[in-house]
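Comments concern the structure below.
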Amino acid sequence: MADMKTSIFPGSVRAALVAGLVAGLVTGLESGAASPVAAQGQPSAEAGRIKSSMCAGCHNIPGYKTAFPSVYSVPKLDGQHATYIISALRAYKSGERQHPSMRAIAASLTDQDMADLAAFYSSSPAKSASR
Amino acid sequence: MKNRLLAIIACCLFAAGAAQAGNPEAGKEKSRTCAACHGPEGNSATGDFPRLAGQHYDYLVKTMRDYKVGKRKNAIMAPQVANLSQRDMEDLAAYFSHQQGLVTRKNSYFVH
């Protein structure tokens, strides 16, 4: 990446932005082509798996920590309830819940995106899988 | 800008010093109130309440602190954390983070 040294963003934010851009392109292409999205309105874990490319750069790297705005482990999502994931994303989108990266990402999501992502993340077998 | 840099450094120092100070056994005792909504061992029964079992220790501490200082607002959680000490929060976080529940699944979409 040629602009790494001149970027004004800290590493994790830059990574999130890049991931978001890539995800936007990918989902854009996916929705244009024959995508695995089920009937409109039906949450699809498979569609969510593809859309999760914008989440995975932080949430699916074991032990990953944010560096901005403060340092702490990015919460685990796999095995979380779908309803809770949707309510969290909506709260980020509305600004009720505050986090710069999450606000930006959630703002780009439709209700269908949120439902698909929630279906994907809640589909992980909680408890039975190892931590 | 300078203040911001200092704040970031302070956060780094805090995070480095906060490596799992809580006692899970003590946290178990203190977690009885939590179980009413978050379920036994933090595995809540419905999506109205997040699953806490297996969540990262430092994230749980941060969340409780955010509720306590009002950075994160929730009508149910605010009164719950109001009387928790830093030690209580660390013990609770230690307990819930030690339970089996949430996981980090490596996203196979990227792994080829």
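The values are calculated or read from the model by the stated rules, or taken from the named source; none is laboratory data. Computed from a predicted model, the values in this text were never measured in an experiment. Virtual Cβ from ideal backbone geometry, glycine too; neighbours counted across all protein chains shown.
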- Query: Is it the case that residue A:63 is touching a residue at least 40 places away in the same chain (Cβ under 8 Å) and either surrounded by fewer than 16 Cβ atoms within 10 Å (Cβ to Cβ) or under 21 Å from residue B:44 (Cβ atoms) (or both)?
  - Reply: no
- Message: For residue A:75, only one of the following conditions fails: (1) more than 7 Å from chain B (Cβ to nearest Cβ); (2) in contact with a Phe, Trp or Tyr (Cβ under 9 Å, 6 or more places away or on another chain); (3) closer than 23 Å to residue B:66 by Cα. What is its number?
- Response: (1)
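Is at least one residue of segment A:79-94 at pLDDT below 95, touching a Phe, Trp or Tyr at 6+ places or on another chain (Cβ under 7 Å) and within 12 Å of chain B (Cβ to nearest Cβ)?
no
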- Query: Is it true that some residue in segment A:97-113 is at the interface with another protein chain (Cβ under 8 Å from one of its Cβ atoms) and either under 20 Å from residue B:73 (Cα atoms) or surrounded by 20 or more Cβ atoms within 10 Å (Cβ to Cβ) (or both)?
  - Reply: yes
- Query: When the residues of segment B:64-96 are filtered to those that are under 23 Å from residue A:98 (Cα atoms) and polar (S, T, N, Q), which remaining residue is nearest to the other protein chains (Cβ to nearest Cβ)?
  - Reply: B:74
- Task: Kindly list, by first and then second residue, each pair from a residue in segment B:48-63 that is more than 7 Å from chain A (Cβ to nearest Cβ) to a residue that is surrounded by fewer than 23 Cβ atoms within 10 Å (Cβ to Cβ) and among the acidic types (Asp, Glu), limited to pairs with Cβ atoms under 6 Å and residues at least 6 apart or on different chains.
- Result: B:53/B:41
- Within segment A:100-112, can one find any residue that is in contact with a helix residue (DSSP H, G or I) (Cβ under 9 Å, 6 or more places away or on another chain), within 23 Å of residue B:58 (Cα to Cα) and at pLDDT below 95? yes
- Could you tell me whether residue B:101 is within 28 Å of residue A:100 (Cβ to Cβ), of a type in the set (Gly, Ala, Ser) and modelled with pLDDT under 95? no
- When every residue in segment B:24-47 that is surrounded by fewer than 16 Cβ atoms within 10 Å (Cβ to Cβ) and assigned to a loop (DSSP other than H, G, I, E, B) is compared, the one nearest to the other protein chains (Cβ to nearest Cβ) is B:46
